[in-house]
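Scroll down for the structure; my scribbles are underneath it.
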Amino acid sequence: MNIDNTIALVTGANRGIGAALVEALLEQGASILFNNAGVLDVGSVLDTPSTAFDRNFDVNVFGLLHTSRAFASALTNDKALERQFAAM
């Protein structure tokens, strides 16, 4: 697959799989946009308030969802390109 000049949105690119993915995409000639929002606000399951879990879910799940939707909408209304969009 030729990805020269392809725009890629990578969330969580600070380390691990996200960082490796960015490195691989850059080697193939893609331009990268980053959305690195993520939180981990937990302790013991007995001591962590539900609001902390709610915040984690809101940022880590809904943040990805809303960013992905905005990114896909901004790029195209072309259904063929929309099918190529993937969130990992």
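The numbers here are math on the coordinates, done by the rules we state, and not lab data. Note that the structure is a prediction, hence the values are computed from the model and not measured. As a convention, Cβ positions derive from the backbone with ideal geometry for all residues, glycine included, and neighbour counts pool all protein chains shown.
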Just subtract the alpha-carbon distance of SER68 and GLU23 from 0.36 nm times their residue separation and send over the number in nm, one decimal. 14.2 nm
Would you work out the charge dipole size for region 7-82 about its Cα centre, treating the Cβ of every Lys and Arg as +1 and the Cβ of every Asp and Glu as -1, and quote it to the nearest 20 debye? 100 debye
What is region 7-82 by shape, rounded, prolate or oblate, if you read a ≥ b ≥ c off the alpha carbon gyration tensor as root eigenvalues and call it rounded for a/c under 1.5, prolate for a/b larger than b/c, and oblate otherwise? oblate
Would you kindly state how much longer the chain becomes between VAL59 and ASP47 on full extension, computed as 0.36 nm times their sequence separation minus their alpha carbon distance, in nm to one decimal? 2.3 nm
